[in-house]
Amino acid sequence: MAWGDPLFDGKAVQKMAEAAKAEKTDKPSGTQVAMAEPATTVRSVLSTRSAASLEVSEADAYLTYSKIPPLPETRDEVEELAKILGADNKNDLYLGANATRASVLKSSTSGQLHKKQVVVFATHGLLAGDLPNLSQPALAMAATANPADSPLLTLEDVLSLKLNADWVVLSACNTAGADGRAEEAMSGLARGFFFAGSRSLLVTHWSVESESAMQLTTNAFASYKKDTTMRRSEALRQSMLAVMKSPAFGHPAFWAPYALVGEGGR
């Protein structure tokens, strides 16, 4: 089960819904969906950190969130992972406007999430302070047409999930980063997934470049799928070796941020 390529602009979501409704009823509509901003190649929103100490209203915070750069490469990533793992795209993938916080929580309460051996989140990872009024780590999920609905899957939300997964992949930035306290080696968000029932996590220590991120995760799962007796750490090692062979991604900045925490298995 995977969530990827969230749509961060709630107003664009609303326009899409209105356009779809108009098309369904065969009525003319002058509504045009707003074009997304150019995609970033780095899964990071550090440009918003400068506003963290400001006193902002909820509306201001919403506008800031709507300007988070999109990550279209994550759609390719989760679709390729679904192909490798033989997942049901219709029921197991939540993409674009459907990749919401509410869909994650619903899959947990329904018991669907508990049945999945692999769970993937391919989006922006946030630490406390990355967005105005954000006091805990979170994953950036799709916004909704209602600005009052939180688009963030926070640590508190993660702790409420009911998981039984061998692997949880947090294909985002800083998901293994410390929360700022010297004694912490891994963010509360990552530890929260262990508390929720994950046996192992694939996490990152810093901002990751999107294309190499897609190559690394898909290569790791392709290797593991070929030989399920292989340890997950070995699958990750083989994938790192494959990525670093590329002239474009040979620098450790591209493949070194990834870490496998735990060696889950049944």
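Just so you know, all these numbers are worked out from the coordinates, no wet-lab data involved. Note that the structure is a prediction, hence the values are computed from the model and not measured. Don't worry about glycine lacking a Cβ; one is built from the backbone with ideal geometry, like all the others, and counts go over all protein chains shown.
Peptides 73-79, 109-115, ordered by how many other C-beta atoms sit within 10 Å of their residues on average, highest first, read 73-79, 109-115.
Taking label positions 7 Å along the Cα-Cβ direction at both residue 164 and residue 195, the computed distance is 2.2 nm, reported to one decimal.
Taking amide hydrogens as placed 1.01 Å from N in the peptide plane, the amide H of residue 116 sits under 5 Å from those of 164, each at least 5 positions away in sequence or on another chain.
Between residue 98 and residue 156, the C-beta separation translates, for a Förster distance of 25 Å, into a calculated FRET efficiency of about 0.65. Answer rounded, prolate or oblate for segment 196-248, using the Cα gyration tensor with square roots of eigenvalues a ≥ b ≥ c: rounded when a/c is under 1.5, else prolate when a/b is larger than b/c, else oblate. Here segment 196-248 falls in the oblate category.
Each Cα pair of segment 72-153 feeds into the Kirkwood radius, which the Stokes-Einstein equation turns, at 20 °C and 1.002 mPa s, into a diffusion coefficient of 155 µm²/s. Taking a point 7 Å from the Cα of residue 263 along the Cα-to-Cβ direction, the residues of segment 207-231 with backbone N closer than 16 Å to it are 224, 228-231. Compute the separation of the alpha-carbon centres of segment 148-173 and segment 59-120 and state it in Å as a whole number. Centre-to-centre distance over Cα atoms comes out at 10 Å. Looking at this model, which pairs from 83/245; 11/115; 11/116; 67/162; 162/245; 11/90 are more than 27 angstrom apart at the alpha-carbon? Going by Cα-Cα distance, 11/115; 11/116; 67/162; 162/245 fall outside the 27 Å limit. Here the extension length gained between residue 133 and residue 117 equals 2.4 nm, from 0.36 nm per residue of separation less the Cα-Cα distance.
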